[in-house]
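*Asks:* The following block contains the structure, expressed as structure tokens.
The values are calculated or read from the model by the stated rules, or taken from the named source; none is laboratory data. As the structure is a computational prediction, the values presented were derived from the model and not from experiment. Cβ sites come from the backbone with ideal geometry, for glycine too, and all protein chains shown count toward neighbours.
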């Protein structure tokens, strides 16, 4: 085997390792998406069994975080990647932290679903949470898609979507405060709705973080803590 | 210059770079500690000016996160560290994310302090939040100290402390629910207290995360998502 074919071989193996890490992130993201969907369905349908499944499955999300983290550090140690490859590993390490936190929030909603299943149901069957949950899940889906395709424009669109999610969250909070003031017997149930809305809003923030890492990965620019306009500019440049 | 002195020189410079990154993490931690302290003081003393200072200083925390992150990635690219050095850089990248989130929570408390300053004060002047805040700040202080001294036993003690913080948080929440049910006019003020307590509880979780990274850094073991007993065992082994 001559030197060229060896280095080609090593490089192909290296590429496969990077590809494997990327695929695992997408698999973890898919699992987290499912957790969000099931948590919301459990809450809306008062499905305690499904809520319990969400809670017990969170360990799978955690296990994936630990496994991908370890694999990433091994790639750093063995391959000493530079430039784009290094940024990919850094983006992966950060992305899985946010995915794990989204998973925690889904578990939290699962717990709220169990509380709420025991209480009187409102007429709208928590449609406001269902709507917010659908939007947030779509944000995460689009962020993972943008990560898979290294699409910075799609990443910016995720951050833009978060403005709507925040506005919807604020509207839910204001409405819940009114409910509480109207009838103190609503307090416990309304608090659970508030915590669930808050969990969804936080998920949106984590999806935004992921979209920021995509711009870092593709453009090498750190757009955290900057304005949406700045992010848009960096994504296009 | 012979090869040995060159490699010694390079290694000394490398050591200095690692030392610099470590020191910057500790400086960032010190700033975040101050932000917690000021946010709580502002809330307890209805000091709107101090609260605004906390809010406007959050950009310093963010800027440190971005700077340390960049420096860490540069060390990875230039030095291709292995073993303990690599774990240090990974632990740093993770630690500053948690420090930044603690900073966000301090900013959040600053905002609550401004709301609460406009409302009627309770007799106890929010002493429950002051007490919880002091505990959480101590947790962070001890976590940073453990990081500086690479002290895994001290890191475990931080995680142990979080049990008390969680219990205190739960007690505050229960009391606040009672207040709300007793008098709906309390709703808005009580919600702000709840959000502040929640922010403090989250800070405690972030301090715990940092203590987990210390065990990873020193022992090479990932103790996230495991029991406190397991963490204790790994810290001692």
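*Asks:* Answer yes or no: is there a residue in segment B:36-49 that is within 13 Å of the chain's Cα centre (by Cα) and more than 10 Å from every other protein chain (Cβ to nearest Cβ).
*Replies:* From segment B:36-49, those within 13 Å of the chain's Cα centre (by Cα) are B:36-37; that's our starting set.
Imposing the further condition that a residue be more than 10 Å from every other protein chain (Cβ to nearest Cβ) reduces the set to B:36-37.
Among the residues of segment B:36-49, at least one is within 13 Å of the chain's Cα centre (by Cα) and more than 10 Å from every other protein chain (Cβ to nearest Cβ), which makes the answer yes.
*Asks:* Let me ask another. Would you pick out the residues in segment A:141-167 that are under 25 Å from residue A:191 (Cα atoms) and buried (at least 19 other Cβ atoms within 10 Å of the Cβ)? Step through it out loud before you land on a result.
*Replies:* Of the residues in segment A:141-167, the ones under 25 Å from residue A:191 (Cα atoms) are A:162-167.
Hits for segment A:141-167 are A:162, A:165.
*Asks:* If residue A:60 passes every condition in (1) farther than 16 Å from residue B:82 by Cα; (2) more than 9 Å from chain B (Cβ to nearest Cβ); (3) surrounded by 16 or more Cβ atoms within 10 Å (Cβ to Cβ) but one, which one does it miss?
*Replies:* (3)
*Asks:* Can you find a residue that is within 11 Å of chain A (Cβ to nearest Cβ), in contact with a helix residue (DSSP H, G or I) (Cβ under 8 Å, 6 or more places away or on another chain) and either modelled with pLDDT of 95 or more or more than 27 Å from residue B:219 (Cα to Cα) (or both) anywhere in segment B:162-171?
*Replies:* Going residue by residue through segment B:162-171, those that are within 11 Å of chain A (Cβ to nearest Cβ) are none.
For segment B:162-171, residues within 11 Å of chain A (Cβ to nearest Cβ), in contact with a helix residue (DSSP H, G or I) (Cβ under 8 Å, 6 or more places away or on another chain) and either modelled with pLDDT of 95 or more or more than 27 Å from residue B:219 (Cα to Cα) (or both): absent.
*Asks:* Ok, one more. When you scan segment A:196-218, do you find a residue that is within 14 Å of chain B (Cβ to nearest Cβ), closer than 30 Å to residue A:84 by Cβ and not in a helix (DSSP H, G or I), even just one?
*Replies:* No, every residue in segment A:196-218 fails to be within 14 Å of chain B (Cβ to nearest Cβ), closer than 30 Å to residue A:84 by Cβ and not in a helix (DSSP H, G or I).
*Asks:* Still on this structure, please answer the following. Check segment A:80-92 and report whether any residue there is more than 16 Å from the chain's Cα centre (by Cα), surrounded by fewer than 17 Cβ atoms within 10 Å (Cβ to Cβ) and farther than 19 Å from residue A:214 by Cβ.
*Replies:* There is at least one residue in segment A:80-92 that is more than 16 Å from the chain's Cα centre (by Cα), surrounded by fewer than 17 Cβ atoms within 10 Å (Cβ to Cβ) and farther than 19 Å from residue A:214 by Cβ.
*Asks:* Which pairs do you get when a residue that is facing another protein chain (nearest Cβ under 7 Å), found in segment A:64-83, comes within reach of a residue that is part of a helix (DSSP H, G or I) and loosely packed, with under 14 Cβ neighbours inside 10 Å, reach meaning Cβ atoms under 8 angstrom, with the pair 6+ apart or on two chains?
*Replies:* Close Cβ pairs satisfying both conditions: A:77/B:83.
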